1. If you average the sequence gap of Cα pairs under 8 Å that are 6 or more apart and divide by the length of region 23-232, what percent do you get for the contact order?
2. Report the chymotrypsin sites (Phe, Trp or Tyr not before Pro) located in region 160-231 that are in a DSSP loop and have at most 14 other Cβ atoms inside 10 Å of their Cβ, or state none.
3. PRE reach from residue 33 (point 7 Å along Cα→Cβ): which of region 186-216 fall under 12 Å by backbone N?
4. Specify which residue in the list 126, 85, 105 is farthest towards the positive end of the charge dipole of the chain, using unit charges on the beta carbon of Lys, Arg (+1) and Asp, Glu (-1), about the Cα centre.
5. Which of the trypsin sites (Lys or Arg not before Pro) across region 156-229 are loop residues per DSSP, with 14 or fewer other Cβ within 10 Å?
6. Take the Cα atoms of the chain, build their convex hull, and give its volume per residue in Å³.
7. Would you mind computing, in nm to one decimal, how far apart the modelled labels at residue 122 and residue 175 are, each placed 7 Å from Cα along Cα→Cβ?
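Every number here is computed from the coordinates shown, using simple stated rules; none is lab data. Quick caveat: nothing in here was measured; it's all calculated off a predicted structure. Here the Cβ positions follow ideal geometry from the backbone for every residue, glycine too, while neighbour counts run over all protein chains shown.
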Amino acid sequence: MGAPHEPKEPASETVSDAVHDAVAAVKPRLRGWLHAGTAPLAVAAGLVLVILAPTTTARVASAVFTVCAGLLFGTSAVYHRGNWSPRTRMLLKRFDHSNIFLIIAGSYTPFAALLLPEGRGRTLLFIVWGGAIAGVLFRVFWVGAPRWLYTPVYVALGWVAVMYLPDFLRTGGPAIVTLIIVGGGLYTLGAVVYGLKRPDPSPRWFGFHEIFHACTVAAFVTHYIAVSMTVYGHSG
């Protein structure tokens, strides 16, 4: 009897592995460093929020925001800095892309919990977290989805709560709403750069993907300031 045959991976994953192997060989030297440097700072800044939050609701909302930020930047750093086997790379890619949905929902959580009446806040949380869970399942089970398909999904979920901006304005004020919009704009700009793969200023050092990462860091900082203002201004 001959040796048993190894089960073959789906063709889509085989092709994807080959593409990723090629990309890994030529990826810019600064790939992943922005998120690697941001990860511990985001967690530390988030812990400050949790510790100084004046109410239990504010502490829980801050903790959710912090965990999502830590997962986003930490997983991205591990995924983009390492030279992984094809199987490990695909696993990390699933986590990395899923975390984008989580940071969207995690960023909305403090605003929904602290700036909206309980009923409207619960509705917004249901919308964004329901969308995030659906998005995570989408990226986990279809990691090879085309870029033109999943990138607009991120943007759509990010702006799904735009109808609540007037409520945020009434309870949080113009500064918080401005920061929310600017942060959303930065995330959207990064998504456009990622989707178009341009501009790509220095493929050897700092390419289009690094611009995308820079936009996510800037957007997180902007939203962190808005969340801080929301948390510290919450009196229960």
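1. 26
2. 205
3. Flagged as within label range: 205-207.
4. Result: 85.
5. Of the trypsin sites (Lys or Arg not before Pro), the ones in loops of region 156-229 whose Cβ has at most 14 other Cβ atoms within 10 Å are 197, 204.
6. Normalising the Cα hull of the chain by residue number yields 135 Å³.
7. My value for the distance between the label points is 3.2 nm.
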